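Reading through the structure tokens given below for one structure.
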Amino acid sequence: MHSVHSGRIGRSLSLAPPASSSRHRLALMTAVSLTATLAGTGSAGAAVSVTGGAYGVNANVNALLAPVSVGALPSVSLPVDGGGPFTESLLSANVGGLAPIGVARMSTEGNSGIGTVRSSVVTADVGVAGLVAASAARSRCSVTTTGADGSASVVGLVVAGIAISTIDAGPNTSIALPVGRVIVNEHRRGGDSQITVNAVHVILNAAFVTGDVVIAQSRCAVATSTRTKSRKPRRRGARA
């Protein structure tokens, strides 16, 4: 009689991952680490700032009898974050007893989101110490991120007793005078998106009087700069 022995054949299960799985996990961890590093560098964008304003008269004159100083009055300025329109007005005043102004109205507004600014000023019956006078003067400007525009007009301009014709005066019309010169519809640019417009700019340069007088100024500017937003790196671990 033969005895039959039966037995179990055991199988050994290995918990170690195959080589291909280890390579896959290493590649995944490398990719996660690289992504976290790049996330920490931040992303670039454009920051837009706006500035603007206007005033009726500004004078700084040195005369033999007495100096004349009238600083940008009346005036209005655009806040750094834009908004508006912001307005200012004046009716029948005599600034410092040296600069009579019949009427002055000014306005400025801006939008930093899209990069636009507009400013304007209208004056009437303006004078400075009997040297410069205008029956009416106005200026305006507007800018965007791609360009600037402005204009001005003057009526009844008299400088040191000399009547100045300003009919059809184009930008930066300069007229010579015995006491200096006057620039009508003066445009001063500081790049594609910055402009200051003066309806009248009198430059006095004589033996008995020197200085500058500006009537009806409006100014507009938009500036764009690059900014970077920094973010802290995020690390993500991989499960074994």
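Of the set (1) free of Cβ contacts under 8 Å to residues at least 40 places away in the same chain; (2) buried (at least 22 other Cβ atoms within 10 Å of the Cβ), all apply to Val197 but (1). How many residues are under 23 Å from Pro100 (Cα atoms) and part of a loop (DSSP other than H, G, I, E, B) when one looks only at region 136-179? Counting residues in region 136-179 that are under 23 Å from Pro100 (Cα atoms) and part of a loop (DSSP other than H, G, I, E, B) gives 6. Being under 22 Å from Gly52 (Cα atoms) and either in a strand (DSSP E or B) or of a type in the set (Lys, Arg) (or both) is the filter here, so list the residues in region 191-209 that pass it. Scanning region 191-209 gives Gln194, Ile195, Thr196, Val197, Asn198, Ala199, Val200, His201.
Quick one: which residue in Ala169, Ala104, Ala124, Ala148 is aliphatic (A, V, I, L, M), surrounded by 17 or more Cβ atoms within 10 Å (Cβ to Cβ) and in contact with a Pro (Cβ under 6 Å, 6 or more places away or on another chain)?
Ala104
Within region 110-120, can you find the residues that are surrounded by 20 or more Cβ atoms within 10 Å (Cβ to Cβ) and either among the β-branched types (Val, Ile, Thr) or in a strand (DSSP E or B) (or both)? Result: Gly110, Thr116, Val117, Arg118, Ser119, Ser120.
Among the residues of region 200-209, the one identified as crowded, with 20+ Cβ neighbours inside 10 Å and free of Cβ contacts under 8 Å to residues at least 24 places away in the same chain is His201. If you filter region 70-89 down to residues that are in a strand (DSSP E or B) and touching a Gly at 6+ places or on another chain (Cβ under 8 Å), you find that the one that is surrounded by the fewest Cβ atoms within 10 Å (Cβ to Cβ) is Gly83. Among the conditions (1) of a type outside the set (Phe, Trp, Tyr); (2) modelled with pLDDT under 95; (3) touching an Asp or Glu at 6+ places or on another chain (Cβ under 9 Å); (4) within 29 Å of Asn111 (Cβ to Cβ), the only one that Ser230 does not satisfy is (3).
The values are calculated or read from the model by the stated rules, or taken from the named source; none is laboratory data. These numbers come from a predicted model, not from an experiment. As a convention, Cβ positions derive from the backbone with ideal geometry for all residues, glycine included, and neighbour counts pool all protein chains shown.
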